[in-house]
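The values are calculated or read from the model by the stated rules, or taken from the named source; none is laboratory data. Only a predicted model underlies this, so the values are computations on that prediction, with no experimental measurement involved. Neighbour counts run over all protein chains shown; Cβ positions are idealised from the backbone, glycine included. Surface areas here come from the heavy atoms of the whole protein model, side chains and all, with no ligands, DNA or RNA. Shrake-Rupley method; radii C 1.70, N 1.55, O 1.52, S 1.80 Å.
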Amino acid sequence: TLSLHDALPICFPVTIGFTLALASLCRQFNVNLQYSSSASVYGLNTNFSEDAPKSPQSPYAWSKFTIDRYMEHIFFKKTQNIIVQGFRYFNVYGPYEDHKGGQSSPYHKFEKQAKETGIIKIFEGSENFKRDFIHVDTVCKIHKVMLDKQASGIFNVGMGETKSFYDVAKEIADKHNASIEYIPMPENIRKQYQTYTCADVTKLNGVLSS
C-alpha cells in the first residue's frame, strides 16, 4: 500500500493538477463541471456507499481520492456558483479499448485473447473475484441525464450487481469456442487486488429519478 506522500509525486502533475486547474477555470467562468473519479478509492473495503471509508492502494487511486477530498472541501458547498459532479466509475467496459493496453477491461482482454489465441487466461480463483461491470453506453446516458440535475456531489456509477471474472470469461469463451486457462496472480498485485466491488447506487438513482 502506498502512502499519500509516496503517491502524490507520481500522479500530481496530470491527474490532480489538471483537474484542479480545470475546476478553477469552470468556477471563474461559471461553467458546470463533471469529472471522473474511481471506485479504486474504496480499496479493499466492502462498503461501497459514497461516504464509506476509503483505502486507496495505488497512485491512481490516491490521485482520485485527493481530488474528491478537494472537491468536497471547496466545491460541494451551497455558496458555490457552479454545479460540480464527480463520478466514481466501477468497472467500465465497451468498444475501442485497444489504446488502454494492460488497463483495458476484462471484457476487452478476454475477447482479444479468444480471437487471437483461442485461449482466455484468468487468475486462479476467478470464480470468487466479483466486480460491478457497467457498459460505457450506460455511463454516457448517466452523464447526459445528470447534466440537467442541479446536484453537486460524488456519485457511484455502476450497476449495483456483480459478475465474476470466470463468468465473464465463460461467456466470451462460449461465444468464440475458446478454452479457459488458469494462471497464478502476479505477486506484485496480490496485496492491492480488489476481489469484490459492488456499487451502492442509491444516491445516484435518487438524483436520476428526481
**Item:** Of residues in the range 24-52 being more than 14 Å from the chain's Cα centre (by Cα) and not in a loop (DSSP other than H, G, I, E, B), the one nearest to Val201 (Cα to Cα)
**Value:** Gln34
**Prompt:** If you go through the range 75-87 one residue at a time, do you hit one that is within 30 Å of Ile189 (Cα to Cα) and either in contact with a helix residue (DSSP H, G or I) (Cβ under 8 Å, 6 or more places away or on another chain) or not polar (S, T, N, Q) (or both)?
**Reply:** yes
**Asked** Taking Lys130 and the conditions (1) within 30 Å of Tyr70 (Cα to Cα); (2) open to solvent by 40 Å² or more (accessible area, probe 1.4 Å); (3) modelled with pLDDT of 95 or more; (4) under 15 Å from the mean Cα position of the chain (by Cα), which numbered condition does it fall short on, given that it satisfies the others?
**Response** (1)
**Prompt:** Which is hydroxyl-bearing (Ser, Thr, Tyr), surrounded by 15 or more Cβ atoms within 10 Å (Cβ to Cβ) and either modelled with pLDDT of 90 or more or in contact with a Pro (Cβ under 8 Å, 6 or more places away or on another chain) (or both), of Ser40, Ser58?
**Reply:** Ser40
**Asked** Which number in (1) of a type in the set (S, T, N, Q); (2) modelled with pLDDT of 90 or more; (3) surrounded by 15 or more Cβ atoms within 10 Å (Cβ to Cβ) marks the one condition that Thr15 misses?
**Response** (2)
**Asked** Hey, any hits in the range 142-152 for a residue that's crowded, with 18+ Cβ neighbours inside 10 Å, of a type outside the set (A, V, I, L, M, F, W, C) and part of a loop (DSSP other than H, G, I, E, B)?
**Response** yes
**Filtered residue count, the range 140-160, keeping only those that are in contact with a strand residue (DSSP E or B) (Cβ under 9 Å, 6 or more places away or on another chain) and closer than 14 Å to Tyr196 by Cα** = 2
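If only one of Gln80, Gln113, Gln34 is modelled with pLDDT of 95 or more and under 23 Å from Ala151 (Cβ atoms), which one is it?
Numbers: Gln80 fails: modelled with pLDDT of 95 or more; Gln113 fails: under 23 Å from Ala151 (Cβ atoms).
Exactly one residue qualifies, and that residue is Gln34.
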**Fill in**
Within the range 71-122, restricting to residues that are among the aromatic types (Phe, Trp, Tyr), under 22 Å from Phe18 (Cβ atoms) and open to solvent by less than 20 Å² (accessible area, probe 1.4 Å), the one that is farthest from the chain's Cα centre (by Cα) is Phe75
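Out of curiosity, is Ser179 more than 28 Å from Ala52 (Cβ to Cβ), out of contact with any Lys or Arg (no Cβ under 8 Å at 6 or more places or on another chain) and open to solvent by 30 Å² or more (accessible area, probe 1.4 Å)? Can you show your working first?
Values: more than 28 Å from Ala52 (Cβ to Cβ): yes; out of contact with any Lys or Arg (no Cβ under 8 Å at 6 or more places or on another chain): yes; open to solvent by 30 Å² or more (accessible area, probe 1.4 Å): yes.
So Ser179 fits the description; yes.
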